[in-house]
Structure formats: C-alpha cells, structure tokens
1. List the helices (runs of 4 or more DSSP H) inside the stretch 220-315, counting only whole elements, that have at least 1 residues being at pLDDT 95 or above and under 24 Å from E41 (Cβ atoms).
2. Determine whether E14 is assigned to a loop (DSSP other than H, G, I, E, B) and of a type outside the set (S, T, Y).
3. Can you pull out the residues in the stretch 255-283 that are of a type in the set (D, E, K, R) and either outside the structural domain of L63 (by TED's automatic domain parsing) or without any contact (Cβ under 8 Å) to a residue 60 or more places away in the chain (or both)?
4. Residues in the stretch 3-27 that are touching a residue at least 12 places away in the same chain (Cβ under 8 Å) and either among the aliphatic types (A, V, I, L, M) or closer than 30 Å to L63 by Cα (or both): how many?
5. Mind telling me which of the residues L48, L30 ends up being more than 29 Å from S311 (Cβ to Cβ), assigned by TED's automatic domain parsing to the domain that holds Y309 and either in contact (Cβ under 8 Å) with a residue 24 or more places away in the chain or outside any helix (DSSP H, G or I) (or both)?
6. Out of all the residues in the stretch 234-242, is one or more outside the structural domain of L37 (by TED's automatic domain parsing) and farther than 19 Å from N73 by Cα?
7. Given the criteria over 29 Å from E44 (Cβ atoms), among the hydroxyl-bearing types (S, T, Y) and either at pLDDT below 90 or touching an Asp or Glu at 6+ places or on another chain (Cβ under 7 Å) (or both), does S174 qualify?
8. Give just the number: which of (1) exposed (fewer than 13 other Cβ atoms within 10 Å of the Cβ); (2) of a type in the set (S, T, N, Q); (3) closer than 16 Å to L250 by Cβ does N73 not satisfy?
Amino acid sequence: MLGYSTHAEYVLEEHMAKTPKEVLDFEHDLRERLTVLGLKEVEEIEELKRADKRAVGEEYTGLFSWDFRYYTNLVKERKHNISDEEVKQYFPMKEVTRGILDIYQRMLSLRFVKVENPPCGTRTSTCTRCGKPPRTSSSATSTWTCTRARASTTTRCVADPRRLHQARRLARVSCCCHGGQLPQAVGTTPALLKHDDATTLLHELGHMLENWCWEPSVLAQFAVHYKTGEPIPDELVKRLVAAKNESAGLFNLRQVFFGLYDMAIHNTEDGKVDVKNLYTSLREEIGLFKNGDIDTWGSATFGHMMGGYDSGYYGYLWSEKEGVANASTGMDYRREILAAWRQPRRSVSLEKFLGRKPNQQGLPQEYRT
C-alpha cells in the first residue's frame, strides 16, 4: 500500500543506510574481512581446547557456541595477563560517572548539575540535569538517571529514551540508563566497575563514543585508583588495548551475524521466515562455532528485535566508522547530528558533519585487514 517491498525498505528510508542493499553490502564486506581474522583466532582457540581435552582423556569434537566466551577470555588472560580484579580498582563508579559527564560538558558545551531528591528513580539512582549551555542561543535540558544493580532488576544495561521533542529551538531529552550489570558498593569499598562496564556506559550515551574507553587520554580523565587516586598505569592501558584486539575478528563476526539475521527476517517480501532455524544456521555459518545438537530458541534471546532495532542492528558496527573528539567537533556533532535528529535525510546531516561521505576507513584497523 505504501510502495515498500519489505519492512526493511520502510524502516531504512530514514536511516543512515538508506536501503537494504547498502546495509547488506556493508555487512558482507565486513564479514569477508573479519572472517580472515576469525579463522586465525579459531586456530589458536582450538589448540587450547584440544589441550584441555587431552588433559582429561577426552576426544576433541570441535568448538561450540558455549565455548566462545570461555576460550576468548582465556586467551586474553594468558597472553596479556588481564585480571578484572586488577583493572576495576581504577574504575570507581563515582569517578567514572563524573569523568564521562565532564567529557560531555566539554564536548557539547553543556552543563550537568546533580538533582537532589529527584522525583524519579530509586534509592540506588542518581539523577543529573543538563542545564542551558553557555554562550548559545538555544537551550536544552535533559535528565541522566543511572540505576545501579539490584537483585530484582534487569541484567542488561540500556539507554531508555523517555521523551524527545523539539519546539521553538527548545530540545528536551530524558535518558535512563538501567545498570543491571553495574555493581554496588560493598561495606566501605565503593562500587567498582569492570572496564567493560565503563565501556557500556559510554556506549549507552552514544554508540560511536564507546571506543574512547580505550584511549589513554580519555581514561586519564576518570580512571584512578579508588584508594590512592593514582591514575591508571600506562602499562595496564597497553595491556587492555592489546587484549581488546584479541579475538576482534570473532567478536565482530558475532555482530555481523546479528546484523545479517536482522536483515534476513525483515527484508523479505512474503514474511515467511523460519526464525528459529535461520538463527542457528546463520550463527554457525558466520560465527565459526558449532551449535551442537542442543535444540534451543536462540532467536528468542535477541531482544533488540522487539526493542526498536528492527532493520537497524547494523548501526552498532556502522557507528564505529566515525568518532567525535574535541569541543569544536563536539559542537559540529551537536548541530549537524543531534539537533537534526528529526530530519528525514540523516545521511545528509552525517555528510555535513564529516565533510565527506562516510567510508570504511573510519573503522578500527583490525576490521580493515
């Protein structure tokens, strides 16, 4: 009736990637590049599992989906001596939150003020209001609410937009970051975040910004020892970065899988899709790990598909094509990207911000091998 052949065509009309073909070309190009890396990483992981099997007198039968996290983490620990217990000493929740908000204040010329006794949230929430930016003709207000983990809360950390409208150059944004993964203080020890937790917080404030959590200059602004106040050692940061690059092929092939599965179920003209078997077959084919003979509904765990990411999961990797750095760039980002959020041609806004068309050169080097 509206002239669209598929749901993906309808959704993507207002996305950065304007057509299913553009998304599929992007994902398939990444898949080809990442598979080269992934196969090398599989060889290393296979040796670890073969050794484990020999040690207990069992036959090696391959790598399975449930091996993925265990062995990729094992590679990092053995090759780079990375311990979450060591790292989190330098990521106290209070300092991380302060540092991240400071970065946003400078980058976007905003001002955050803590709200005492906020009307929203719980006893484990902090609420911060973003006031009128200095030296600007427009005003903006927003609320940042960070809800820490409780036994009864979600196990995910997500940014949840509550309201978003624009009228007479007045923008109001409210964002609630439900930190189901985030720790609480224990006794006199403050809440200490794993590096992944800090990365998640930056991610929820803007997907393209999460890579900052690997930049020494950014970490120096908030990564300090919770007891001594000493900044995180350069040597530890180097180990973190080296560990990040371990299994980069496999981790990002997983993202490619999710993106292609998303398109497979939404870019169909008749809607006849076996979502269960398609999920398991694509995961094995792209992710390079076997599913085994266990019958599960993996597709039911892919909550993004029911949370507004339909035909849009490609955006996770797409956002890594570009980044934002200083205050001048931040203001361009605010004007061309954030202020233009309702414009139908968002790709045009992105080109204005970049001064060129987006391309693969903005991706991290390990994706471009």
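1. The qualifying helices (runs of 4 or more DSSP H) are 248-266, 275-287.
2. Taking the combined requirement at face value, the residue satisfies it.
3. D262, D270, K272, D274, K276
4. Number of matching residues: 9.
5. After applying the criteria, what remains is L48.
6. Checking the stretch 234-242: at least one residue is outside the structural domain of L37 (by TED's automatic domain parsing) and farther than 19 Å from N73 by Cα.
7. Criteria met by S174.
8. For N73, the failing item is (1).
The values are calculated or read from the model by the stated rules, or taken from the named source; none is laboratory data. Here the structure is a predicted model, which means the values were calculated and not measured. Here the Cβ is made from the backbone with ideal geometry for all residues, glycine too, and neighbour counts use every protein chain on show.
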